[in-house]
1. From the mean inverse distance of alpha carbon pairs (Kirkwood) and the Cα radius of gyration, derive Rg over Rh for segment 6-270.
2. Fully extended, how many nm does the chain gain between Asp112 and Glu250 (0.36 nm per residue separation, minus their Cα-Cα distance)?
3. In whole Å, how far is the Cα centre of segment 186-247 from that of segment 127-142?
4. Show me 220-231, 3-14, 120-131 ranked by packing, highest mean number of other Cβ atoms within 10 Å first.
5. For segment 6-270, which whole percent of the accessible surface, found with a 1.4 angstrom probe, sits on carbon and sulfur atoms?
Amino acid sequence: MKTEGLSINLATVRHQYDLKTGVEALVKHGIRGVSPWREHVQAVGMTEAARIITSNGMKVTGYCRGGLFGGADAAGQQALIDDNKRMIDEGAAIGADCLVMIGGGMAPGSRDIKTARGRYLDGMAAILPHARACGVALAVEPLHPMYAADRGCISLLSEAIDICEQLGEGSGVAIDAYHLWWDPDLENQITRAKGKILAHHICDWLVPTKDMLLDRGMMGDGVIDLPRIRRMVEAAGFTGYQEVEIFSAENWWKRPGDEVIRTCIERYNTVC
Ligand code: ZN
């Protein structure tokens, strides 16, 4: 079965593999795209992480995840700026196509989502010169609105594109089917994102969803029309990988890694 154009976000096999064993498992199945998280890289250090990636001939379709400026208070903002700059260095070391930057939630006790959104834009603007200097693109990833309070104050693709238009060169968007499938304006906004799409994440929306964070579905097990979204993204000029990103505490994280990867390949070929 075809594995070309398929990438696996290592969160999908978070409980089965670390960076080295994860990459080796993907290679064994013929997959050449990977998206690691900071925990994977920091566990071995940037140099060793880069060696693992390069020696296995892997394409890094994204590096997860940063941003999170929304929930900061004024004092916390600088610490987040510094930490995101370190993430840019890590992303450059492993040759990441882009860094996935989510909004962050609202500050504790706050009822002011507008300020949270403003902090995100300010934080992104503050780190962008360093990202440009390192040759790493920043991908604004809108999250489903159920996370707006505690995790991602940027919810709509239209907002993400607006932010990119303000930030300019070196910024773009990550289109995650799980977060955006429900948006009635999705097709228009993906068209509008032409030239700015840096990543395309896939999984499925289960009915019922039993956990807001950790019950994402394997492609084909839920209600998202993934081929339709892929067609929109490709019509907007994106030619990169489809990246499987599944957080699934009670199902896929409990299965053998080989089975999870095999299933991703099978669904990529039959569903996506
Ligand atoms: Zn995603």
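1. 0.94
2. Numbers: separation 138, 0.36 × 138 = 49.68 nm, distance 3.41 nm.
Going from the current span to full extension adds 46.3 nm.
3. Computed from Cα coordinates, the inter-centre distance equals 22 Å.
4. Result, highest mean first: 3-14, 120-131, 220-231.
5. Answer for segment 6-270 is 51 percent, counting heavy atoms of protein chains only.
The values are calculated or read from the model by the stated rules, or taken from the named source; none is laboratory data. The shown structure was predicted, so the numbers you read here are calculated from the model rather than taken from an experiment. Don't worry about glycine lacking a Cβ; one is built from the backbone with ideal geometry, like all the others, and counts go over all protein chains shown. Note: accessible area is taken over every heavy atom of the protein model, side chains too, but ligands, DNA and RNA are not part of it. Shrake-Rupley method; radii C 1.70, N 1.55, O 1.52, S 1.80 Å.
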